[in-house]
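Have a look at the structure below, then the notes.
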Amino acid sequence: MNPNVNEKLIFEMSKKGRSGSFIPECTDTSCIPSEYLRDKPPKLPSVPENEVVRHFVRLSMLNHGVDKGTYPLGSCTMKYNPKVNEKAARFKAFSNLHPYQDEDSVQGILKILYELGEDLQAISGMDGITLQPAAGAHGELTGILMCRAFHTSNGNPRVKILVPDSSHGTNPATAAMCGYKVQTLKSNNSGTIDIDTLNKNMDEDVAALMITNPNTLGIFENEISDISEIVHRKGGLLYYDGANMNAIMGYMRPGDTGFDMVHFNLHKTFSTPHGTGGPGAGPVAVKKHIIPFLPYPTVNSTGDRYFFDYSNRQTSIGKMRAFYGNFLVLLRAYLYIRANGYSGLKRTSELAVLNANYLKKKISHNFTAPSSRDTFHEFVLSAQNIKKETGVNTLDISKRILDFGIHAPTIYFPLIVKEALMVEPTETETKENLDFYAEIMEKIIAEARSNPEELHKAPHKTPVSRPDEVRANRRPILKALSLPEKED
Ligand SMILES: *Cc1c(COP(=O)(O)O)cnc(C)c1O
C-alpha cells in the first residue's frame, strides 16, 4: 500500500507548543467587543510551518487533476485551464467586489458581463441571456422554468417533457423538479433520435424536447431540422443542453437549427477548474419569445453606461441566484473567449474533434462500438466483448488505467450502452499523450487476456485501490473530527 495513505489528519499531527505562526501576544483586549472574546483559545492544531506545507503538498498528490495528467472524462470536458485566467480572477479589483456596490463604481465589471452575454448570444445564435445560473444543471432548471412560464402565459401549461434515452441524468431530473412528467424516447440503431418515435410521442401536452447535440454518444443529430419542425408544429419548445458546445463552436449555432433556448457550461467549454461540485456557471441564452421570462436583473447598456435591467420583473420567473452569478467564473469565460477570438474558438472545436477521432481510431479495434456513425469531440465504446472473453469488465479496465497516471474515462454512461467507456480527450492533449493512452489500452487488454485476476484487483499504484464507492456517495463524512491534543 502507498505510504501516503497513512497521512495523518492535521489535528493528529498537533503537539502542544509547536507552532507555525508568530502572533504577538495580546494583553489589551479592551478594544475587542465582548461578544467576540473567548475564555479559551480556539482549538487549532499546533504544527510547525514546514510540516503544514508538507502535509498539504502530500495531500494534493493523492488526487488526480488536470494539472497532473491526462483527464479524458467523457461529457465533463476536463480541458487544461489557462493559468493567466486564474491570475486575472485573483486581481483585487475582481475578487474584492462587493455585490452591493453602486452601479457607478462597477461600470467596468458590468461591461464585462454585458459583453460576455453578447459573445455567448453570438456563439449560440440567440437573442437574450441570463448569466445567473451557477452550473449546467442550474441552467437547465432556469430554462425549464422559463419553458413553463412561456406555456402558462399562453394559457396552456402542458404536462410532459421529452428526453432521449441517451440524455444526461440532469435532463430528466430537471424536468421532474419542475413538475413535468418525463417521457423517454428510445434511440434508433445509430444512437440518435428516432423520427417515428418522436412523431408518436409529440403532442400538445409536450412542453419541450431537451437534447444535446452532438449527443452523449458524441453523435450529431443530423435530422435536427425535422426534429425542430415536429416539436414546433405542436407548439413545443426545443431545449439545447450545451454541455457539448466544445464540439461545435464556430461551426453550428443552436439558434440557427431551431432551438429556443440553450444553457452553456462555462466551466467546461470556456475553461474554469471544475469537478466535485463547482464553482461553475450555466448561463441560459434564449430566443426573443422567451426574453420576458428571463430571471431579473439582466445586464444591459445604453451605449455608454451599463446597468442592471429589472424591466421584465412582471413576467420574469424571478431570481435564480443571489446577486448576479458566479462572477469569477464568468470572468474566466470572458477572458477565454476574448483571448481565442472567433477563429480560436473554431480551432478549439476542430482540435477537440480531431483528438477524439485520432484516439478512437487507435483504440476502438479492442472494443465494440455502439454505433457506426462518426463521432465528434467524444466517443463511446463497449467492453462487452472483453468481458465475455476474459471476465474483465469496464470497471476493471478503468481502474487499471489509473496506475499509469491517467484519469479513467466516464464509465457505464450513457446508460443505453452496456459496459460503456466514454472518452473525451479535449483539444488540450498532445499527440504524444494520446499515443501513450492508446499504448496503455493495448497493454491493459493484453493483461485482461493473460492475467485477468490482477485486473480485478487494480489499481495497484494509487493511494486507495477500490473504495466502497456506493457508501462513499451515500454516507459522505465531510467533517474533520477534532481530536484530543497529544502531550509531548
Ligand atoms: C455536465 C453536464 C451537465 C450538467 O452540468 P453541471 O455543470 O455539471 O451541472 C448536463 N448535461 C450534460 C450533457 C453534461 O455533460
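The values are calculated or read from the model by the stated rules, or taken from the named source; none is laboratory data. These numbers were taken from a predicted model, which means no experiment stands behind them. Ideal geometry is used to build each Cβ from the backbone, glycine not excepted, and the neighbour counts take in all protein chains shown. Accessible surface areas use protein heavy atoms only, side chains included; no ligands, DNA or RNA. Shrake-Rupley method; radii C 1.70, N 1.55, O 1.52, S 1.80 Å.
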Tally the residues that are part of a loop (DSSP other than H, G, I, E, B), touching a helix residue (DSSP H, G or I) at 6+ places or on another chain (Cβ under 7 Å) and away from the ligand (no atom under 16 Å from the Cβ), restricting the search to the stretch 57-78. 1
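Within the stretch 240-260, does at least one residue satisfy the condition of being within 13 Å of residue 117 (Cα to Cα), within 16 Å of the ligand (Cβ to nearest atom), of a type in the set (A, V, I, L, M) and buried (at least 24 other Cβ atoms within 10 Å of the Cβ)?
Step one: of the stretch 240-260, the residues within 13 Å of residue 117 (Cα to Cα) are none.
No, the stretch 240-260 contains no residue that is within 13 Å of residue 117 (Cα to Cα), within 16 Å of the ligand (Cβ to nearest atom), of a type in the set (A, V, I, L, M) and buried (at least 24 other Cβ atoms within 10 Å of the Cβ).
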So residue 273, is it more than 16 Å from the ligand (Cβ to nearest atom), open to solvent by 30 Å² or more (accessible area, probe 1.4 Å) and touching a residue at least 12 places away in the same chain (Cβ under 8 Å): no
Among (1) more than 15 Å from the ligand (Cβ to nearest atom); (2) of a type outside the set (Val, Ile, Thr); (3) surrounded by fewer than 19 Cβ atoms within 10 Å (Cβ to Cβ), residue 148 falls short only on (3)
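Would you mind finding the one in 322, 352, 356 that is farther than 21 Å from residue 426 by Cα and either in a helix (DSSP H, G or I) or open to solvent by 50 Å² or more (accessible area, probe 1.4 Å) (or both)? Break it down into steps so the answer makes sense when it comes.
Details: 352 fails: farther than 21 Å from residue 426 by Cα; 356 fails: farther than 21 Å from residue 426 by Cα.
It is 322.
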As an exercise: evaluate residue 81 against (1) closer than 28 Å to residue 240 by Cα; (2) more than 16 Å from the ligand (Cβ to nearest atom); (3) not hydroxyl-bearing (Ser, Thr, Tyr) and give the number of the one condition it does not meet. (2)
Picking from 403, 396, the residue that is in contact with a Ser or Thr (Cβ under 8 Å, 6 or more places away or on another chain), at pLDDT 95 or above and either closer than 20 Å to residue 462 by Cα or surrounded by fewer than 19 Cβ atoms within 10 Å (Cβ to Cβ) (or both) would be 403
Can you name the number of the only condition in (1) modelled with pLDDT of 95 or more; (2) surrounded by fewer than 20 Cβ atoms within 10 Å (Cβ to Cβ) that residue 423 fails? (2)
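Pick from 189, 156, 171, 201: which is in the same structural domain as residue 241 (by TED's automatic domain parsing) and within 14 Å of the ligand (Cβ to nearest atom)?
Values: 189 fails: within 14 Å of the ligand (Cβ to nearest atom); 156 fails: within 14 Å of the ligand (Cβ to nearest atom); 201 fails: within 14 Å of the ligand (Cβ to nearest atom).
The conditions single out 171.
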